[in-house]
């Protein structure tokens, strides 16, 4: 089916380190989205990618839409405590107006 | 308010009881979505509305689950005869329309605990 496989499931890093997470699928998607969820809140959109090969930055965040259209990665540079949370990749199922989400990457930062 | 509002924020209910969860979308947003998030899991699609119509109900887990939307605005998700496996965070989101470049704005969810 059209599932998104996200890795790693969790990360424990030191403040200041760079972070990389990715999402893969056996299906082709035309959109890749990255969301962040803070505890007790709903996910918030960080970056949206609409073209294969697209590389987009938002402050310390950089995301890329893979050339094969089956994967995407998110990098966070110079992590800070407020980066803690769960990061989700998501994409839109073709022919259906709904997002499918990855299982999330839980980021923990040691000060 | 400016964002998606959900109520209640927390709900504890006994197995077998019915519950109603409410979502107030952002004013002017025509599309409304319900998702479920179990502990440590990703988001599971339940249903979406375009206006008052629900073109896709494919994610509703069973016939105990239903949802409606009135006036193109407020939506309620009803779970009848709740079971312990229904315990989860129920998230609502709205967007201007259902186009792929119309981002979803999520509420903070209702945490449902069935005892």
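Computed quantities for the displayed model
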quantity	calculated
All-pairs Cα distance distribution in segment A:25-73, expressed in whole percent, bin size 10 Å	27, 47, 23, 3
Whole-number D in µm² s⁻¹ for segment B:37-78, Kirkwood Cα-pair radius fed into Stokes-Einstein, 4 °C, 1.567 mPa s	115
Point-to-point label distance, residue A:55-residue A:26, nm (Cα→Cβ direction, 7 Å offset)	3.1
Kirkwood Rh (inverse of mean 1/r, distinct Cα pairs), segment B:1-46, angstrom	12.8
Where N is the number of residues in chain B, Cα Rg divided by 2.2 N^0.38 Å	0.99
Calculated FRET efficiency for the pair residue A:70/residue A:38, C-beta based, R₀ 35 Å, to 0.05	0.75
Cα Rg, Dmax, the protein assembly as shown, angstrom units	17.6, 50
Longest to shortest principal axis, alpha-carbon extents of segment B:66-109, angstrom	36, 22, 16
Ranking of A:83, B:86 by count of other Cβ atoms within 10 Å, fewest first	A:83, B:86
Tail fraction, Cα-Cα pairs, segment A:1-103, threshold 16 Å, whole percent	55
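Quick note: the coordinates plus some simple rules give every number you see, no bench work behind them. It should be emphasised that the depicted structure is a prediction, and the values quoted were computed from it without experimental measurement. Using ideal geometry, Cβ is built from the backbone for each residue, glycine included, and neighbour counts are taken over all protein chains shown.
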